[in-house]
2 protein chains.
Amino acid sequence: MKHQYLENIPLSKAKTIFHEHLKNAGFSPKTERIKVQDACGRTLAHAVYANICAPHYNASAMDGIAVKASDTFGASERTPVTLKPKAYTVVDTGDPIPEGADAVIMVEDLIDAAGGCFTIISAVRPWQNVRQVGEDLCMGDMIAPTGTVMTPALCGALLAGGVTETEVFKKPLVAIIPTGDEIVAPTACPNEGDIIEFNSTVFRGMLESWGADAEVFPITPDKKDLIRAAAEEALARCDIVLVSAGSSAGRDDYTSEIIASLGRVLVHGIAIKPGKPAVLGEAKGKPIVGLPGYPVSAIVIMDEIVRELVFAAQGKAAPPPEEICGVLSTKLVSSLKYQEYVRVSVGKIGGNWSISPLPRGAGVISSFTKADGILVIDQNTEGVEAGETVTVRLLRPADELEHTLIVTGSHDPLIDEVTDLLQSEGQGFRVCSTHVGSMGAIRAIRAGLAHIGGIHLLDTETGEYNKSYVKNMFPQGGAVIARGVGRVQGLMVKKGNPCGIKTFADVARVRYVNRQRGAGTRILCDYLMEKNGLSPEQIDGYYNEEFTHTAVAALIAAGNADTGLGIFSAAKIYDLDFVPICTETYEFLVNEAYCEDPMVQEFLKALHSEKCKNRLLEMGGYLLED
Amino acid sequence: MKHQYLENIPLSKAKTIFHEHLKNAGFSPKTERIKVQDACGRTLAHAVYANICAPHYNASAMDGIAVKASDTFGASERTPVTLKPKAYTVVDTGDPIPEGADAVIMVEDLIDAAGGCFTIISAVRPWQNVRQVGEDLCMGDMIAPTGTVMTPALCGALLAGGVTETEVFKKPLVAIIPTGDEIVAPTACPNEGDIIEFNSTVFRGMLESWGADAEVFPITPDKKDLIRAAAEEALARCDIVLVSAGSSAGRDDYTSEIIASLGRVLVHGIAIKPGKPAVLGEAKGKPIVGLPGYPVSAIVIMDEIVRELVFAAQGKAAPPPEEICGVLSTKLVSSLKYQEYVRVSVGKIGGNWSISPLPRGAGVISSFTKADGILVIDQNTEGVEAGETVTVRLLRPADELEHTLIVTGSHDPLIDEVTDLLQSEGQGFRVCSTHVGSMGAIRAIRAGLAHIGGIHLLDTETGEYNKSYVKNMFPQGGAVIARGVGRVQGLMVKKGNPCGIKTFADVARVRYVNRQRGAGTRILCDYLMEKNGLSPEQIDGYYNEEFTHTAVAALIAAGNADTGLGIFSAAKIYDLDFVPICTETYEFLVNEAYCEDPMVQEFLKALHSEKCKNRLLEMGGYLLED
């Protein structure tokens, strides 16, 4: 089996090699002449000067009559002046001031007199109520320098200055070539082994947000000559070429070889994680980049490498990302081999930014949709301790993150449903929810890192839920419990219950899938095991941990396990059978400091609403008596 | 002459009337089903749930071999395990895990053995190096709630979850109907009385930035039936209708009457300035707005009224504008009749935001291109004192404004040229220049409101420039003079010098145009008058004040005045003759605290560069010996 090690070049060095070579190869911004009406958002390639004055003639600033100012001198209430028809011309706003006149009297200041005359009781100064030539812009004035991004108002100013066309930097055309035998176009029904091609959609969205045009090529299978032909076509027509997947060094990874045959490979392997297996190359004076197949890896390369290229092609530096400083909630370990990019959620609570890491898998696109920011851990660092202050690059505006309700704790789909209710009603805040289990909720509320936490913690001595935990963990107070729901926990099994599971004791003879430590459902599992005299070693899969009810259901449906504890609605989605075990109380722990916070109030209001009740009844498995 | 007074309804009341009526008339967001690949930037009209798990099968996370984990148990350096060909399947990243296997050993960890066998020296856990079903997304999980704006990564997540189409809010189609007999399409050669139609370009740019599509109708002359027909067509096809100009109450102002005939006028006249003559109406359940003809007035109505409509039509609230608090540099007087919108420039210097008002004329589109923010002065306020702290809505990101070199003082086109040189070279900062005259430069540097100021101040006693002023105004130091240029000041006159002007004494017998108080050229004028024994009363136009050399030249070219003092390059642009009067020293005063600031250094470097010298030689009238 072929295996070859990649380079491991530090990012800054990789960039220097790449950019210096591209510069020498002649990669530089192109310009084009376009109509000013279509120039909004584009960047000026040259300074623009006014061709004409605006206004280009002396224009009335009012509706009224144009007069010679000296004819009005001395007019007052005691000595009114009457103007004969020959002494004035009626003008509307914007009309030219006729020869001989040099001021305008507003219609509001005119008193009708006999014979078409007007009487006035105050004088006007020369050029009063007249927009003199050049009031707005003077011919020859620079309206905007090189490099200015055209705003709507600036387009207006250019047109006002008689400029109808302007030279702007061309939007670079970026080719995206998706490759891979297993890659299929987006579908709701992929076959086993099919990988849905969504990376090109992600890349296109990113490129367009940076001002480029993107052309997505057809999916090309892992055939060297076909990929090479696509790359050649792209190099002939486009300004930047991206080859998606095949950038590593496996048996079907051809990108590096193809780039070498078309031009030159400058870097193959960057010391970052995710994102290592990237190829930076040049052919025909154009950059050609091999992107990793894993979406998160590819997004990191897009952000760190391709973004700068796209801006450079438009004659400007990429704007620096917005950053905030906040406190890390959980310890992060990082390798000295790589600079690491960790997706994080960011929330502001009690005036402080709190930063929580999200799952780190390179294949997990959903971690990017939940991410509010990226924490970059330097290559020379072994990690970051919980409580340390870190700098985070934001993926959403800080302003949006400031208005975020932070919900954490045990997973229940009802949190998503409440969030959807709030957003449907256009509440002006965002809900950020993370799954850290019931004990995680208690820790987060204690540390002031969340507003609300979902909990269902069984006191195995009293059989009561939540109360005793809160009493023990908050001896001085500081948290209150808000009414939640009752819900049925049970063992999910394949349709028809092929293993014949009837009670919890049956898990000892099948393959089990568990929840993570700290989850309320894990505590329930441990309680049931104890009650049934079972030890972890007796349960196949006790250490096979998942973070959500649906993840457990998905593995049972896929046959990776035979059973697992969870809630009814998850079983229902996966068409699984459900063996009820017990009823529990799922409630919300609220940080007392934020009980009156309008976001918390709105969340609880939506939770207790009729609409929410109806949704839960539809999902099934909830007890909503009180 | 027809004249009718408009209403003067406070903005908040006008909005309430308008929105309540629109709601009752059925104005609400529309939705459409689109491909997820095209959904970037759009807003979800419903929550989206995963249709399938991602991955939807157990997939290898590595290149290597798929095995049964239990076959590897016990493998160590001392007790290596050898796997026969039947015990493994070669897999690449993304390949399905075959029936019976539940783990993958990485190719890097395989040792080739005889007969197609592999030896390993460490065991793998069940599901190690396998992306289990649902690792990224589980079927039934909510991927995003209603109201979420689709990012590139979110489009990817939807596709990964088997969602290929989604319901989003429709982009509202907004009709823009430009009206007016005097309105002409953009041109570099308008006739007298022609007004170039640029407002629709400004509106389109604004609408598109808010997520709408805009359709610009042909220019319609001031004929009631034609405008009515255009409005009817627009109402039939579009979601929001804007009628540009004709919204006041003059003899050619039909918008209000036409809206009344098609539906209902709700507000005609809002207590804001600029922007008062606006019409808010409804017809066929759609908003129809009459926008004032003056560009700045119209932009205020677009921002205050139309923006909210466009967001409402997309099912969301308009995001609040970014704001900063800063110190106002100059006193502002405001009327109790209106809420006033003042365009301001914003700069950060010495860690503080400084706010300077820009020209307030409603016709001055260029003030919007220079504006960094809007200062809203409440209707109940008579004005704001210099030095007061005010809140400003930003028109550019705060981050961009933080990296701004503030240049003020006397007007000379060389400042624009230096700015253009800096921007051409992609310096990572912006230059904000304002014209407040040489004395204004000294005041601004003293107050710490600018980095650099252009000055040319003649000491009438010594005949020397600048030095004595700086010595007097900065007795304790705090400012240094940077080398500038020599330039020729002279009297600009029409080609052929029809009034026969030879010396400054000749200005007493013609119409003069002056510069504003505090300008170096005004001080020169006063000095020359004194030398020639002339008083202000003897000069026709002494109080006719302009802010720039080109503005003076433009008025002489237009015939509004016969002569004025200014620099050669301004005369050249307007093809005027130039009677040289004296040579002066135009230099730059630098706030000592910022001498080492890289922005200041770069500015001076560009100023003293060969490229700048060549530009100045091309413009003419500069002396560049030293």
Fill in the blank from the handout: The lone condition residue A:133 fails out of (1) out of contact with any Lys or Arg (no Cβ under 9 Å at 6 or more places or on another chain); (2) more than 7 Å from every other protein chain (Cβ to nearest Cβ); (3) among the hydrophobic types (A, V, I, L, M, F, W, C) is (2)
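Any residue at all in segment A:160-169 that is closer than 30 Å to residue B:545 by Cα, surrounded by 23 or more Cβ atoms within 10 Å (Cβ to Cβ) and hydrophobic (A, V, I, L, M, F, W, C)? Walk me through it before giving the result.
So in segment A:160-169, the residues closer than 30 Å to residue B:545 by Cα come out as A:160-163.
From the residues that got through so far, the ones that are surrounded by 23 or more Cβ atoms within 10 Å (Cβ to Cβ) too are A:160-161.
Next, only the ones that are hydrophobic (A, V, I, L, M, F, W, C) stay: A:160.
Yes, because at least one residue in segment A:160-169 is closer than 30 Å to residue B:545 by Cα, surrounded by 23 or more Cβ atoms within 10 Å (Cβ to Cβ) and hydrophobic (A, V, I, L, M, F, W, C).
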Practice task
Give me a count of the residues in segment A:239-263 that are among the hydrophobic types (A, V, I, L, M, F, W, C), in contact with a Leu (Cβ under 8 Å, 6 or more places away or on another chain) and over 18 Å from residue A:298 (Cβ atoms).
Solution key: 1
Problem - Odd one out for residue A:525 among (1) assigned to a strand (DSSP E or B); (2) surrounded by 16 or more Cβ atoms within 10 Å (Cβ to Cβ); (3) hydrophobic (A, V, I, L, M, F, W, C) - result: (1)
Exercise for the section: Mind listing whichever residues of segment B:103-116 are in contact with a Lys or Arg (Cβ under 9 Å, 6 or more places away or on another chain) and modelled with pLDDT of 95 or more? Expected result: B:103
Exercise for the section: Specify the residue that is surrounded by the most Cβ atoms within 10 Å (Cβ to Cβ); the eligible residues are those in segment A:407-429 that are among the acidic types (Asp, Glu) and facing another protein chain (nearest Cβ under 10 Å). Expected result: A:420
Practice task
Tell me which residues, restricted to segment B:175-196, are surrounded by fewer than 18 Cβ atoms within 10 Å (Cβ to Cβ), under 27 Å from the mean Cα position of the chain (by Cα) and among the polar types (S, T, N, Q).
Solution key: B:187
Practice task
Give just the number: which of (1) more than 14 Å from every other protein chain (Cβ to nearest Cβ); (2) modelled with pLDDT of 90 or more does residue A:463 not satisfy?
Solution key: (2)
Handout entry: Residue ID - surrounded by the most Cβ atoms within 10 Å (Cβ to Cβ), chosen from residues in segment B:46-61 that are of a type in the set (A, V, I, L, M, F, W, C) and at the interface with chain A (Cβ under 9 Å from one of its Cβ atoms)
Key = B:54
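Residue under question is residue B:584, and the condition is that it be in contact (Cβ under 8 Å) with a residue 60 or more places away in the chain, part of a helix (DSSP H, G or I) and surrounded by fewer than 24 Cβ atoms within 10 Å (Cβ to Cβ); does it hold? Outline the logic, then answer.
Values: in contact (Cβ under 8 Å) with a residue 60 or more places away in the chain: yes; part of a helix (DSSP H, G or I): no; surrounded by fewer than 24 Cβ atoms within 10 Å (Cβ to Cβ): yes.
Criteria not met by residue B:584.
So that you can scan it fast, the table gives a plain yes or no per residue for (1) modelled with pLDDT of 95 or more; (2) closer than 30 Å to residue B:304 by Cβ; (3) in the same structural domain as residue B:592 (by TED's automatic domain parsing):
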{"residue": "B:395", "(1), (2), (3)": "no, yes, no"}
{"residue": "B:410", "(1), (2), (3)": "no, no, no"}
{"residue": "B:426", "(1), (2), (3)": "no, no, no"}
{"residue": "B:432", "(1), (2), (3)": "no, yes, no"}
{"residue": "B:452", "(1), (2), (3)": "yes, no, yes"}
{"residue": "B:459", "(1), (2), (3)": "no, no, yes"}
{"residue": "B:483", "(1), (2), (3)": "no, no, yes"}
{"residue": "B:490", "(1), (2), (3)": "yes, no, yes"}
{"residue": "B:498", "(1), (2), (3)": "yes, no, yes"}
Fill in the blank from the handout: Exception for residue B:518 within (1) touching a Gly at 6+ places or on another chain (Cβ under 6 Å); (2) on the phi < 0 side of the Ramachandran plot falls at (2)
Completion exercise
Filtering segment A:159-189 down to residues that are hydrophobic (A, V, I, L, M, F, W, C) and more than 25 Å from residue A:209 (Cβ to Cβ) yields A:159, A:160, A:163, A:184, A:188, A:189
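What number of residues in segment A:245-256 are within 12 Å of chain B (Cβ to nearest Cβ) and either farther than 16 Å from residue A:276 by Cβ or within 29 Å of the chain's Cα centre (by Cα) (or both)? First the steps, then the outcome.
Pass one, segment A:245-256, residues within 12 Å of chain B (Cβ to nearest Cβ): A:245-253.
Okay, now just the ones that are also either farther than 16 Å from residue A:276 by Cβ or within 29 Å of the chain's Cα centre (by Cα) (or both), so A:245-248, A:251-252.
Adding up the residues that qualify gives 6.
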Exercise for the section: State whether one or more residues within segment B:1-10 are within 13 Å of chain A (Cβ to nearest Cβ), among the charged types (D, E, K, R) and under 26 Å from residue B:287 (Cα atoms). Expected result: no
Problem - Failed item, numbered, when residue A:562 is tested on (1) closer than 22 Å to residue A:441 by Cα; (2) charged (D, E, K, R); (3) touching a Cys at 6+ places or on another chain (Cβ under 8 Å) - result: (1)
Exercise for the section: Working only within segment A:158-210, note down all residues that are touching a Leu at 6+ places or on another chain (Cβ under 7 Å) and within 7 Å of chain B (Cβ to nearest Cβ). Expected result: A:160, A:186, A:196, A:198, A:201
Handout entry: Residue identified as away from chain B (no Cβ under 12 Å) and at pLDDT 95 or above among A:502, A:572, A:531
Key = A:502
Problem - Long-range neighbours under 6 Å by Cβ, at least six apart or interchain, first residue over 25 Å from residue A:412 (Cβ atoms) within segment A:530-549, second among the charged types (D, E, K, R) and buried (at least 17 other Cβ atoms within 10 Å of the Cβ) - result: A:540/A:511
Completion exercise
Sole miss for residue B:77 among (1) acidic (Asp, Glu); (2) within 14 Å of another protein chain (Cβ to nearest Cβ); (3) within 30 Å of residue B:97 (Cβ to Cβ) is condition (2)
Exercise for the section: Please work out if residue B:561 is buried (at least 17 other Cβ atoms within 10 Å of the Cβ), part of a loop (DSSP other than H, G, I, E, B), assigned by TED's automatic domain parsing to the domain that holds residue B:604 and in contact with a strand residue (DSSP E or B) (Cβ under 7 Å, 6 or more places away or on another chain). Expected result: yes
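What number of residues within segment A:76-110 satisfy the criterion of being within 30 Å of residue A:55 (Cα to Cα) and not in a helix (DSSP H, G or I)?
Keep residues of segment A:76-110 that are within 30 Å of residue A:55 (Cα to Cα), which gives A:83-110.
Filter once more, keeping what is not in a helix (DSSP H, G or I): A:83-84, A:88-106, A:110.
So the count comes out to 22.
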Practice task
Consider only pairs whose beta carbons are under 8 Å apart and that are at least six residues apart or on different chains; among these, list those whose first residue lies in segment B:102-114 and is facing chain A (nearest Cβ under 8 Å) and whose second residue is buried (at least 16 other Cβ atoms within 10 Å of the Cβ) and assigned to a helix (DSSP H, G or I).
Solution key: B:102/B:69
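Would you confirm, using the coordinates I've provided, whether residue B:500 is of a type in the set (Gly, Ala, Ser) and either buried (at least 19 other Cβ atoms within 10 Å of the Cβ) or within 42 Å of the chain's Cα centre (by Cα) (or both)?
Details: of a type in the set (Gly, Ala, Ser): yes; either buried (at least 19 other Cβ atoms within 10 Å of the Cβ) or within 42 Å of the chain's Cα centre (by Cα) (or both): no.
Answer is no for this residue.
The values are calculated or read from the model by the stated rules, or taken from the named source; none is laboratory data. What you are looking at is a predicted structure, and each value in this text was computed from that prediction instead of being measured. A quick note on method: Cβ atoms are made from the backbone with ideal geometry, for glycine too, and the neighbour counts reach across all protein chains shown.
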